[in-house]
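A quick write-up on the structure given underneath.
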Amino acid sequence: MEKDNINNLEEQNMDVPEEKSSRLDEFTFIKQEKTDTPKWYVVYTYSGYEDKVMTNLKKTVVNNGLEDLIYDVQVPKEETIEVRNGNRKRVQKKLYPGYVMVKMLLTDQTWYIVRNTRGVTGFVGPGSKPIPLTDVEIRTMGIEDVRISLNVSVGQEVIIVSGPFENFTGKVTEVNAEQQKVKVTIPMFGRDTQVELDFVQVKGV
């Protein structure tokens, strides 16, 4: 899984609010471009507040019957092994510290509710305008197993854009649209080696 996706988003002219910023827009009702389908948005939080923000926001949704507006809230994590005092322990590690992912219909109401949840400092986006994640970003970040289309065919050259074989170029030998996987032959150690990759890990040359 790539861990630079949010940094990439920020490079696309997105403002990063100061963690200690005064919440000047705390009670400001900012007009948003409404969406007719739910999309995933990224929210900034104070450090260490990710789980609290997720819990509080989910409670707000249930208590106010907003399930048809705010569909899901996640703090993406991965399980790792830590060794302490010679003991191995499984722990859940946040993949994107300081961020919470929210799947919702963007309206003035949902913007206001999320933005004013305690611990939230803003949305990823220019100013106060949230920018939704693309399907590729959603899948790459492990938020949701969305299906994406890959316009490549057997025999076509592709470049690997993520993972241990990043920047390798190879030829497609098999495309499995159902499993969202593609097999690519790449030159390694003087011989052709076949590797299986996710659709989001390759792009056409």
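May I ask you to say which residue of 199, 165 is under 29 Å from residue 42 (Cα atoms), in contact (Cβ under 8 Å) with a residue 40 or more places away in the chain and aromatic (Phe, Trp, Tyr)?
Details: 165 fails: in contact (Cβ under 8 Å) with a residue 40 or more places away in the chain.
199 is the lone residue from the list that is under 29 Å from residue 42 (Cα atoms), in contact (Cβ under 8 Å) with a residue 40 or more places away in the chain and aromatic (Phe, Trp, Tyr).
Check whether at least one residue in the stretch 98-105 is of a type in the set (A, V, I, L, M), more than 19 Å from residue 76 (Cα to Cα) and in a helix (DSSP H, G or I), and report yes or no. Among the residues of the stretch 98-105, not one is of a type in the set (A, V, I, L, M), more than 19 Å from residue 76 (Cα to Cα) and in a helix (DSSP H, G or I), which makes the answer no.
Among the residues of the stretch 111-131, not a single one is among the charged types (D, E, K, R), outside the structural domain of residue 59 (by TED's automatic domain parsing) and surrounded by 15 or more Cβ atoms within 10 Å (Cβ to Cβ). Candidates in the stretch 70-110 are the residues that are over 23 Å from residue 41 (Cβ atoms) and polar (S, T, N, Q); of these, the one that is surrounded by the fewest Cβ atoms within 10 Å (Cβ to Cβ) is 85. Among the residues of the stretch 49-107, those that are more than 21 Å from residue 134 (Cβ to Cβ) and basic (Lys, Arg) comprise 52, 58, 59, 77, 84, 88, 89, 90, 93, 94. Of all residues in the stretch 91-104, which are among the aliphatic types (A, V, I, L, M) and modelled with pLDDT under 95? Within the stretch 91-104, 91, 95 qualify.
Do you know which of the residues in the stretch 165-205 that are among the charged types (D, E, K, R) and within 28 Å of the chain's Cα centre (by Cα) is farthest from residue 153 (Cα to Cα)? So that I can check it myself, show each step before the final result.
Step one: filter the stretch 165-205 for residues among the charged types (D, E, K, R), giving 166, 171, 174, 178, 181, 183, 191-192, 196, 198, 203.
Then drop every residue that is not within 28 Å of the chain's Cα centre (by Cα), which leaves 166, 174, 178, 181, 183, 196, 198, 203.
On the way: 166: 20, 174: 8, 178: 14, 181: 12, 183: 11, 196: 15, 198: 14, 203: 11 Å.
Of everything passing the filter in the stretch 165-205, 166 is farthest from residue 153 (Cα to Cα).
Go through the stretch 168-178 and give me each residue that's part of a loop (DSSP other than H, G, I, E, B), more than 17 Å from residue 191 (Cα to Cα) and either touching a residue at least 40 places away in the same chain (Cβ under 8 Å) or out of contact with any helix residue (DSSP H, G or I) (no Cβ under 9 Å at 6 or more places or on another chain) (or both). Show your work before the answer.
Applying the first criterion (part of a loop (DSSP other than H, G, I, E, B)) to the stretch 168-178 yields 168, 177-178.
From what's left, more than 17 Å from residue 191 (Cα to Cα): 177-178.
Selection gives 178 alone.
Residues in the stretch 144-160 that are at pLDDT 90 or above and either of a type in the set (A, V, I, L, M, F, W, C) or closer than 13 Å to residue 198 by Cβ (or both): 154, 158, 159, 160.
Please verify whether residue 121 is modelled with pLDDT of 90 or more, of a type outside the set (A, V, I, L, M, F, W, C) and over 30 Å from residue 46 (Cβ atoms), treating the condition exactly as stated. Outline the logic, then answer.
On the way: modelled with pLDDT of 90 or more: yes; of a type outside the set (A, V, I, L, M, F, W, C): yes; over 30 Å from residue 46 (Cβ atoms): no.
For residue 121, the condition - modelled with pLDDT of 90 or more, of a type outside the set (A, V, I, L, M, F, W, C) and over 30 Å from residue 46 (Cβ atoms) - is not met.
Among the residues that make up the stretch 149-161, is at least one of them in contact (Cβ under 8 Å) with a residue 24 or more places away in the chain and either within 30 Å of residue 44 (Cβ to Cβ) or of a type in the set (D, E, K, R) (or both)? Yes: one or more hits. Within the stretch 119-137, the set of residues being outside any helix (DSSP H, G or I), touching a helix residue (DSSP H, G or I) at 6+ places or on another chain (Cβ under 6 Å) and not β-branched (Val, Ile, Thr) comprises just one member, 119.
Going by the conditions given, is residue 155 touching a strand residue (DSSP E or B) at 6+ places or on another chain (Cβ under 9 Å), part of a loop (DSSP other than H, G, I, E, B) and surrounded by 12 or more Cβ atoms within 10 Å (Cβ to Cβ)? If you could, list the steps in order and put the result at the bottom.
Numbers: touching a strand residue (DSSP E or B) at 6+ places or on another chain (Cβ under 9 Å): yes; part of a loop (DSSP other than H, G, I, E, B): yes; surrounded by 12 or more Cβ atoms within 10 Å (Cβ to Cβ): no.
Taking the combined requirement at face value, the residue does not satisfy it.
The values are calculated or read from the model by the stated rules, or taken from the named source; none is laboratory data. Source: prediction; values computed, not measured. Cβ coordinates were reconstructed from backbone atoms using ideal geometry, including for glycine residues, and neighbour counts include every protein chain displayed.
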